[in-house]
Amino acid sequence: MTEPGHGHGHTTDAAAKDTRKGESTLDSGVLDLLAGIRDTVKLPLPSTADADETTWHQLMHQRIIDLHAVLAVALHPEYVAHLDPADLAADLRARTAAAPVTYTLWQPAEPIALAVATADACAVCRKPFDEADTRFDGHARHRDTPFCRACTDRCHDNEIADHRCPICAGGAR
């Protein structure tokens, strides 16, 4: 809330007034739990191979189920009064460790900037553009980008809030 007589941005919240910008007023156990939640669902990008993408989706699904299980029990009315963020974080970390990344990680074909891609090949998979292959996941160029349709179709940006694949990072979307 803005205090009467003060400019926009002054709050009546004592914690906000007493805390320097960038510091948290949350308990360290809660911060650890939030970090555990983040680590549970933050998976590195898979290679563009279909098997790796399938494995990525299966692993993400399993980790979300684990996250839901931990939080559903912890936030149940019978248990919420005894909520221990450190125990929840430890449980999440154990479940995450039990479901490790086993797929091949995405690697750029060459250590060159996407903008320097050749005019006749995709900047991600390096396959030559095939203007006759206009399927949604084909190898024709996607609009005026340096990417083929297959690579833009594999973008996971709508599934993870902080995901930035090479296509998104290159500003093609």
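The values are calculated or read from the model by the stated rules, or taken from the named source; none is laboratory data. Just so you know, these numbers come straight off a predicted model, no measurement behind them. As a convention, Cβ positions derive from the backbone with ideal geometry for all residues, glycine included, and neighbour counts pool all protein chains shown. With ligands, DNA and RNA removed, areas are computed over all heavy atoms of the protein, side chains included. Shrake-Rupley method; radii C 1.70, N 1.55, O 1.52, S 1.80 Å.
In this structure, Ala169 does not satisfy being modelled with pLDDT of 75 or more and under 21 Å from the mean Cα position of the chain (by Cα). Taking the criterion of being among the hydrophobic types (A, V, I, L, M, F, W, C), without any contact (Cβ under 8 Å) to a residue 60 or more places away in the chain and open to solvent by less than 30 Å² (accessible area, probe 1.4 Å), the residues of the range 57-78 that qualify are Leu59, Leu67, Val70, Ala74. Listed by first and then second residue, the pairs with beta-carbon distance under 7 Å, at least 6 apart or on different chains, first residue in the range 122-136 and closer than 19 Å to Ala49 by Cβ, second acidic (Asp, Glu) and loosely packed, with under 10 Cβ neighbours inside 10 Å, are Pro128/Asp120. The residues of the range 35-47 that are open to solvent by less than 50 Å² (accessible area, probe 1.4 Å) and part of a loop (DSSP other than H, G, I, E, B), listed by number, are Leu43, Leu45, Ser47. Return the pairs, sorted by first residue and then second, in which the second residue is open to solvent by 50 Å² or more (accessible area, probe 1.4 Å) and modelled with pLDDT of 90 or more, the first residue lies in the range 79-94 and is over 21 Å from Ile64 (Cβ atoms), the beta carbons are less than 7 Å apart, and the residues are 6+ apart or on different chains. Here the result reads Ala86/Asp32, each pair linking the range 79-94 to a residue that is open to solvent by 50 Å² or more (accessible area, probe 1.4 Å) and modelled with pLDDT of 90 or more.
Is it the case that some residue within the range 37-49 is out of contact with any Gly (no Cβ under 7 Å at 6 or more places or on another chain), without any contact (Cβ under 8 Å) to a residue 40 or more places away in the chain and closer than 30 Å to Gly138 by Cβ? So far as the range 37-49 goes, no, none of its residues is out of contact with any Gly (no Cβ under 7 Å at 6 or more places or on another chain), without any contact (Cβ under 8 Å) to a residue 40 or more places away in the chain and closer than 30 Å to Gly138 by Cβ.
Residues checked against (1) in contact with a helix residue (DSSP H, G or I) (Cβ under 7 Å, 6 or more places away or on another chain); (2) open to solvent by less than 20 Å² (accessible area, probe 1.4 Å); (3) at pLDDT 85 or above:
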residue: Thr118; (1), (2), (3): no, no, no
residue: Val124; (1), (2), (3): yes, yes, no
residue: Pro128; (1), (2), (3): no, no, yes
residue: Ala161; (1), (2), (3): no, no, no
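For the range 68-104, filtered to residues that are under 30 Å from Val124 (Cβ atoms) and of a type in the set (A, V, I, L, M, F, W, C), the residue that is nearest to the chain's Cα centre (by Cα) is Val101. Give the number of residues within the range 72-110 that are within 27 Å of Gln58 (Cβ to Cβ), in a loop (DSSP other than H, G, I, E, B) and among the aliphatic types (A, V, I, L, M). Counting residues in the range 72-110 that are within 27 Å of Gln58 (Cβ to Cβ), in a loop (DSSP other than H, G, I, E, B) and among the aliphatic types (A, V, I, L, M) gives 4.
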